[in-house]
Amino acid sequence: MATAAPTPAHQDAPTPVYLDAATAVPLHPVARQALLAALDDGWADPARLYTQARRARQLLDAAREATAETLGVRADEVSFTPSGTTAAHAAVLGGLAGRRRAGATLVHSAIEHSAVLHAAERHVAGGGTAHAVAVDRLGRLDLTVWAEAVRTPGVALAALIAASHEVGTVQPVAAAAELCAGSGVPLYVDAAQVVGRTAVPQGWSVLTASAHKWGGPPGVGLLVVRKGTRWESPWPADERESGRTPGVLNLPAVVAAAASLRAAAADAATQAARLTPLVDRIRARVAAEVPDVEVVGDPTDRLPHLVTFSCLYVDGEVLLHALDRRGFAVSSGSSCTSSTLRPSHVLEAMGVLSHGNVRVSLHRETTEADVERFLAELPGIVAGLRAEAGVVGL
């Protein structure tokens, strides 16, 4: 007796919609092309003298020049690192080491990326001190407290993220930099969320970024140290990258990162104009259509592609899994888990709701239809989870 063929398990699976660009952007087509081309010519050690090595050196020099031009800095101020995290660690620890005679205090905002905070913890464990400056409920730095902090004797370095990676609030970097300059304190800026998307703020002494945030391949970070800045590598001595970071570079990935950065920066204004109204739509519709929800972050002075909101009576991890089952890849600004039972340090510093936290971040491939589908399904998903938890009648 004939039997019907089994239905493929994936037949009813929803079409995936990737909405987590703040973590990593899909590989830019320019990056893919450059990576494949560099695999043929960029495999040799650029520090050697034979023909293949000289060709690799040409690729490295061209990548550095292109990156510097895009950022508006000198090529010899740019170093490539194995990751954005490595760059952040080097920026903090190297900046402190270079200014050890001035003091041993690090001033930073309360909402820095965990890479910066972990470097601060290492500094404190080694006998240094760190001072966190508060932010307001929108996630914006308190400049009055910042001014007082950087004026304190013994401050060696200040660190300020250019824009919050969790809620999108853009920080007053230029004003903070001016206050630092007035006290003779160099400023390190974590620009991972702005490089390739918006104008890089001015006034900094050290800057870092990460290629997979703008559509380059993972495993490439940027460390930019301005001429005249006292900075000393925290790593064991190495002759590569002007001694700023050890080890052999992944040259094909570096070439792809530089090419995609130029392409992303050239298209940044167009993408910002396209994505900003989509984020505005998410902010308005979520607040109007999902009960007991708080949209967090500055509503106007923010990144063009990112929005974060928190839902009461919903576990954040459960909500993310439910959205994933419907095809939506989103992230959370909250690190609440059964093991830590603590919210994100950013949301905690802001004093905002952290339950059921969702971060949605758009990219060049995100369509209006993707956003509409997310907005159409979100209220039902949240309501279903609340019903399962016995929360009804909202």
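The values are calculated or read from the model by the stated rules, or taken from the named source; none is laboratory data. As the structure is a prediction and not an experimental result, all values here were calculated from the model. Methodologically, a virtual Cβ is constructed for each residue, glycine included, from the backbone with ideal geometry; neighbour enumeration extends over all protein chains shown. For the accessible areas, the whole protein counts, side chains as well, though only heavy atoms, and no ligand, DNA or RNA atoms are used. Shrake-Rupley method; radii C 1.70, N 1.55, O 1.52, S 1.80 Å.
Quick look at the values:
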{"read-out": "Given (1) in contact with a Ser or Thr (Cβ under 8 Å, 6 or more places away or on another chain); (2) in contact (Cβ under 8 Å) with a residue 24 or more places away in the chain; (3) surrounded by fewer than 24 Cβ atoms within 10 Å (Cβ to Cβ), index of the condition Ser183 fails", "value": "(1)"}
{"read-out": "Residue that is surrounded by the fewest Cβ atoms within 10 Å (Cβ to Cβ) [pool: residues in segment 346-379 that are in contact (Cβ under 8 Å) with a residue 24 or more places away in the chain and charged (D, E, K, R)]", "value": "Glu368"}
{"read-out": "Asp324 vs. criteria free of Cβ contacts under 8 Å to residues at least 12 places away in the same chain, more than 23 Å from the chain's Cα centre (by Cα) and surrounded by fewer than 17 Cβ atoms within 10 Å (Cβ to Cβ)", "value": "no"}
{"read-out": "Residue under evaluation Asp45, criteria (1) modelled with pLDDT under 95; (2) among the charged types (D, E, K, R); (3) farther than 26 Å from Pro236 by Cβ, criterion not met", "value": "(3)"}
{"read-out": "In segment 259-272, the residues that are part of a helix (DSSP H, G or I), closer than 30 Å to Thr300 by Cα and in contact (Cβ under 8 Å) with a residue 60 or more places away in the chain", "value": "Ser260, Leu261, Arg262, Ala263, Ala264, Ala265, Ala268, Gln271, Ala272"}
{"read-out": "Segment 46-89 - residue that is over 22 Å from Ala266 (Cα atoms), in contact (Cβ under 8 Å) with a residue 60 or more places away in the chain and more than 23 Å from the chain's Cα centre (by Cα) and, of those, least open to solvent (accessible area, probe 1.4 Å)", "value": "Ala56"}
{"read-out": "Residue among Val195, Val200 that alone is within 17 Å of Ala66 (Cβ to Cβ), among the β-branched types (Val, Ile, Thr), surrounded by 24 or more Cβ atoms within 10 Å (Cβ to Cβ) and touching a residue at least 60 places away in the same chain (Cβ under 8 Å)", "value": "Val195"}
{"read-out": "Test: residue in segment 167-175 that is surrounded by fewer than 17 Cβ atoms within 10 Å (Cβ to Cβ), of a type in the set (A, V, I, L, M, F, W, C), more than 28 Å from Leu306 (Cβ to Cβ) and modelled with pLDDT of 95 or more", "value": "no"}
{"read-out": "Count - residues of segment 223-239 that are surrounded by 21 or more Cβ atoms within 10 Å (Cβ to Cβ) and small (Gly, Ala, Ser)", "value": "1"}
{"read-out": "Any chance Ala266 is surrounded by 22 or more Cβ atoms within 10 Å (Cβ to Cβ) and modelled with pLDDT of 95 or more", "value": "no"}
{"read-out": "Selection count, segment 83-99, where residues are outside any helix (DSSP H, G or I) and either of a type in the set (S, T, N, Q) or out of contact with any strand residue (DSSP E or B) (no Cβ under 7 Å at 6 or more places or on another chain) (or both)", "value": "1"}
{"read-out": "Strands (runs of 3 or more DSSP E) enclosed by segment 103-214 - at least 1 residues per element that are among the hydroxyl-bearing types (Ser, Thr, Tyr)", "value": "105-109, 129-133, 187-190, 206-210"}
{"read-out": "Residue in segment 118-136 that is farther than 20 Å from Gln171 by Cβ, hydroxyl-bearing (Ser, Thr, Tyr), in contact with a strand residue (DSSP E or B) (Cβ under 8 Å, 6 or more places away or on another chain) and in contact (Cβ under 8 Å) with a residue 24 or more places away in the chain present", "value": "yes"}
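Here is a yes/no grid of residues against (1) in contact with a Leu (Cβ under 6 Å, 6 or more places away or on another chain); (2) hydrophobic (A, V, I, L, M, F, W, C); (3) surrounded by fewer than 22 Cβ atoms within 10 Å (Cβ to Cβ):
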{"residue": "Ala209", "(1), (2), (3)": "yes, yes, no"}
{"residue": "His212", "(1), (2), (3)": "no, no, no"}
{"residue": "Glu241", "(1), (2), (3)": "no, no, yes"}
{"residue": "Ala256", "(1), (2), (3)": "yes, yes, no"}
{"residue": "Ala259", "(1), (2), (3)": "no, yes, no"}
{"residue": "Ala273", "(1), (2), (3)": "no, yes, yes"}
{"residue": "Ala287", "(1), (2), (3)": "no, yes, yes"}
{"residue": "Pro291", "(1), (2), (3)": "yes, no, yes"}
{"residue": "Thr300", "(1), (2), (3)": "no, no, yes"}
